[in-house]
Every structure is written in C-alpha cells, then in structure tokens.
1. Across the stretch 1-31, which residue is farthest from ARG62 (Cα to Cα) among those that are at pLDDT below 95 and of a type in the set (S, T, N, Q)?
2. What number goes with the only condition from (1) over 16 Å from the mean Cα position of the chain (by Cα); (2) within 30 Å of ASN122 (Cα to Cα); (3) loosely packed, with under 15 Cβ neighbours inside 10 Å that ALA91 does not pass?
3. Can you spot a residue in the stretch 50-62 that is modelled with pLDDT under 95 and either open to solvent by less than 90 Å² (accessible area, probe 1.4 Å) or closer than 22 Å to THR112 by Cα (or both)?
4. Determine, yes or no, whether SER45 is surrounded by 13 or more Cβ atoms within 10 Å (Cβ to Cβ) and modelled with pLDDT of 95 or more.
5. Output the number of residues of the stretch 26-42 satisfying the condition of being in a helix (DSSP H, G or I) and open to solvent by 50 Å² or more (accessible area, probe 1.4 Å).
6. Looking for whichever is among the hydrophobic types (A, V, I, L, M, F, W, C) and more than 11 Å from the chain's Cα centre (by Cα) here; the options are LEU27, LEU17. Which one fits?
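The values are calculated or read from the model by the stated rules, or taken from the named source; none is laboratory data. Keep in mind that what you see is a predicted model, and the values were worked out from it rather than measured. Counting neighbours? That spans all protein chains shown, and the Cβs are built from the backbone with ideal geometry, glycine included. Note: areas computed on protein heavy atoms with side chains; ligands, DNA, RNA excluded. Shrake-Rupley method; radii C 1.70, N 1.55, O 1.52, S 1.80 Å.
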Amino acid sequence: RLVMRQETENRKEQIVLRFFEIIDAHLQDLVTEESGRMMELREISRKLYCSQKYLIEIFRERRGHHPCHYYVRKIIDRSAQLLTETDWPIAEIARKLTYDPSNFSKFFKKYTGLTPGQFRTNVAVLR
C-alpha cells in the first residue's frame, strides 16, 4: 500500500515536471515558427496521458495554483528573455507568441508592472 502511494506521488511529480518541459518546448516552437498557435491545456493534458481535470487537481495539490498560472509565467519569462536577448520589434515578439501586439503589451504589463518597451529600456539601463 505504501509502495502504491509512493508510485502515485512519483507519477504526479512526473506529470508536473513534464508539463513544464512541454511548455518550454512549445514556446520554443512558437518562437522558431514551428508552431503557429498557442497550445491549449487540454492538448497538454493529452500529451501527459491524463485528463485536464486531473492535471488541474495535481497542480493545485502539488504547486498551489492552476496550471494556467504557470503557463502564463512561462510566457512572461520567455517574453522577457526575447526582449532582453534580441532586438526584435515588440510587435514581432508578440506575434511569435501568438498575441496581437496591443493585447500583448497589456498582458505583459499586467504581470510585470511594465510595458514591454519599459521593460526593455530598464534592462538596457542596467547593462
């Protein structure tokens, strides 16, 4: 019984870790234009061989938040990386990440407190 419980816990942690790997790979595919649309949570759960409901349950149990919370964080982190490491126009970064440029600026500011332009300027000042 204890072994089964441990196997279940290991499987849950594997699902969480694999979720992050899938998101990272997908965001890279968007940037390199190997994919042209944002993957939905149900597609990710299928890749993990579990239901969307179970995925949400695992994340709330293991990490305290809905998986979309982490998906958004990954998008913001990738956006910040592109703003920092490339000289691509902000509109191009937005399009690569499947956002309308005006919505992207609002989205980015909501989570960082800065517009993408302000973020890029602040990073440049710090260098």
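1. Of everything passing the filter in the stretch 1-31, GLN6 is farthest from ARG62 (Cα to Cα).
2. (3)
3. Checked against the condition, which is being modelled with pLDDT under 95 and either open to solvent by less than 90 Å² (accessible area, probe 1.4 Å) or closer than 22 Å to THR112 by Cα (or both), the stretch 50-62 yields at least one hit.
4. Numbers: surrounded by 13 or more Cβ atoms within 10 Å (Cβ to Cβ): yes; modelled with pLDDT of 95 or more: yes.
Considered against the rule, which asks whether it is surrounded by 13 or more Cβ atoms within 10 Å (Cβ to Cβ) and modelled with pLDDT of 95 or more, SER45 comes out as yes.
5. Just the residues of the stretch 26-42 that are in a helix (DSSP H, G or I), to begin with: 26-31, 41-42.
Filter once more, keeping what is open to solvent by 50 Å² or more (accessible area, probe 1.4 Å): 28-29, 42.
The qualifying residues number 3.
6. Numbers: LEU27 fails: more than 11 Å from the chain's Cα centre (by Cα).
Only one candidate passes the filter, namely LEU17.
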